[in-house]
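Please read the structure below before turning to the comments.
The values are calculated or read from the model by the stated rules, or taken from the named source; none is laboratory data. Predicted model only: the values in this text are computed from it and were never measured. Heads up, the Cβs are rebuilt from the backbone with ideal geometry, glycines too, and the neighbour counts pull from every protein chain shown.
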Amino acid sequence: MPGRFRGQIALITGASSGIGAELARQLAAEGAVVVVTARRIERLQDLEKEICATGGSALALACDVTRSADLEAVSQKVRERYGRLDIVVANAGFGVGGSFASLSLDDFRRQLETNLFGVIATLQATLSDLTASRGCFVVMGSVAGLVAFPGTTAYGMSKAAVHSLALGLHGELAASGVGVVLLAPGYVDSEIRQVDKNGSHRTDWHDPVPRWVRMRTPVAVGKMVRAIHRRKRLQVITFHGRLVALAGRYFPGTLAWLARRTVAKSRARRENDDR
Ligand SMILES: NC(=O)c1ccc[n+]([C@@H]2O[C@H](COP(=O)([O-])OP(=O)(O)OC[C@H]3O[C@@H](n4cnc5c(N)ncnc54)[C@H](OP(=O)(O)O)[C@@H]3O)[C@@H](O)[C@H]2O)c1
């Protein structure tokens with residue numbers, strides 16, 4: 001397929017839904033061979049079929065990012081099958097929400113296990129391949145990694161940590177020719193707000209974020225694909241996300257006051273959800 005990523009091999013974690021699945025579609029449409037990974041293999045196989053049916057190339061592989069052995073096995077399979085790896089998107093993640101008082105130490109550990117250590121393990125399993133191809137490592141951060149909100153300490157700290165990781169790696173890996181792109185989306189349509197703090201899918205949950213605030217997945221991912229192509233150091237996505245990031249930088253006191261009033265109030269209303 002012709003396109004900006006023609007002939008490149010891209011590995012995406014957390015590709016069974018939401019942003020990861022759409023990244024796979026768009027990178028494949030731009031000529032990349034996409035290796036789609038996550039835990040729900042049936043969904044990945046459906047995605048593989050969908051991409052191949054539209055003339056793209058995809059390979060579905062089961063992989064839990066909290067298991068280094070899974071990531072090593074996937075990397076080995078990619079090496080054997082394609083002989084190279086150009087783009088790795090560390091996208092897998094979920095949110096442990098709730099007030100600090102409602103969360104146990106295990107809740108925090110579970111959050112970091114996927115959202116932070118999963119990203120580190122993904123790079124450890126693929127760094128030699130990216131160095132060989134002078135490829136690109138993409139980290140899925142969040143506006144929550146730029147600005148801290150009440151009621152989201154576990155998720156926010158996991159994202160702040162990967163932001164720091166990505167920005168540090170950007171300079172550290174530059175000499176070896178490996179690009180590092182940090183993506184920081186605000187609210188985007190996906191299944192993330194239908195997953196509870198234990199990582200279980202709750203299809204009966206409705207997304208509490210109003211429809212008009214959420215960016216449509218294909219639109220958000222289109223901006224991500226452009227940032228990856230340009231190897232941008234940091235790309236904040238969604239209008240509200242950019243606004244919040246700016247407010248966090250220039251008016252932190254006002255933003256903290258607003259966040260206390262609005263976020264804490266709505267979180268308190270949903271405390272009984274036991275997210
Ligand atoms: N949507 C938003 O508003 C938003 C905003 C900012 C940042 N983000 C970030 O975007 C990323 C993608 O989330 P999304 O919004 O697209 O949510 P989503 O639709 O729930 O997708 C999350 C993906 O992560 C995978 N995943 C979760 N735990 C995993 C594990 N241990 N190993 C492997 N895969 C795992 C899930 O697949 P399986 O369950 O099949 O494993 C799924 O494919 C996350 O890092 C999230 O923090 C999202």
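Brief remarks on what is shown
- Residues within region 190-207 that are acidic (Asp, Glu), surrounded by 13 or more Cβ atoms within 10 Å (Cβ to Cβ) and more than 7 Å from the ligand (Cβ to nearest atom), tallied: 2
- Region 1-40 - residue that is part of a loop (DSSP other than H, G, I, E, B) and within 13 Å of the ligand (Cβ to nearest atom) and, of those, farthest from residue 69 (Cα to Cα): 17
- Selection count where residues are assigned to a loop (DSSP other than H, G, I, E, B) and either near the ligand (Cβ under 8 Å from one of its atoms) or polar (S, T, N, Q) (or both), scope region 161-189: 3
- Pair list, Cβ < 6 Å and 6+ apart or interchain, from region 1-23 residues that are touching a residue at least 60 places away in the same chain (Cβ under 8 Å) and over 13 Å from residue 59 (Cα atoms) to residues that are surrounded by fewer than 24 Cβ atoms within 10 Å (Cβ to Cβ) and charged (D, E, K, R): 4/30; 5/30; 8/86; 17/191; 18/191
- Region 129-178, residues that are among the β-branched types (Val, Ile, Thr) and under 17 Å from residue 236 (Cα atoms): 138, 139, 143, 147, 162
- Subset of region 68-95 (residues that are in contact with a Gly (Cβ under 9 Å, 6 or more places away or on another chain), under 20 Å from residue 139 (Cβ atoms) and assigned to a loop (DSSP other than H, G, I, E, B)): 85, 86, 91, 92, 93, 94
- Check on residue 68, at pLDDT below 95 and either aliphatic (A, V, I, L, M) or closer than 30 Å to residue 148 by Cβ (or both): no
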